Amino acid sequence: MSGGRESGGERGEYRLTGNRRKWIVLAVLTLAAAGLLSPWASDLPDGLERVAGDLGFIDRETAVHSFSPMPDYEVPGIRGEAARTGLAGLIGSGVLGAVLWCALRALAKKER
């Protein structure tokens, strides 16, 4: 990753890319996929859930599960399963995007 001084800027900020439009399009596509396609994700258990069921300790999940902000990848308190799942996908993508943005900003500043 190479950060370069912003052209024409006097603030001394570093840029992560020279093509901002590309990142905006990727962000919009990611959010659209997370919000619109996640309601059609498979209802089958994922790998860890499958192993827990096969080995007989799936019932122990409630202890940790009760502290989850979005249990079963759904936002509680919203009508409609598709809306709950789609909103969870949007929130998850937004949080991950914010963490990535902060990490890249910190790394770009270290390159000075």
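Annotations
- Extension gain, W40 to I78, is 12.0 nm, computed as 0.36 nm per intervening residue step minus the present C-alpha separation.
- Here the residues L96, L104, L55, ranked from fewest to most Cβ neighbours within 10 Å of their Cβ, fall in the order L55, L96, L104.
- Protection proxy ranking, peptides 28-37, 81-90, average beta carbon neighbours within 10 Å, highest first: 81-90, 28-37
Computed from the coordinates by the stated procedures, all read-outs in this text should not be read as laboratory data. Only a predicted model underlies this, so the values are computations on that prediction, with no experimental measurement involved. FYI the Cβ positions are ideal-geometry reconstructions off the backbone, even for glycines, and counts take in every protein chain you see.
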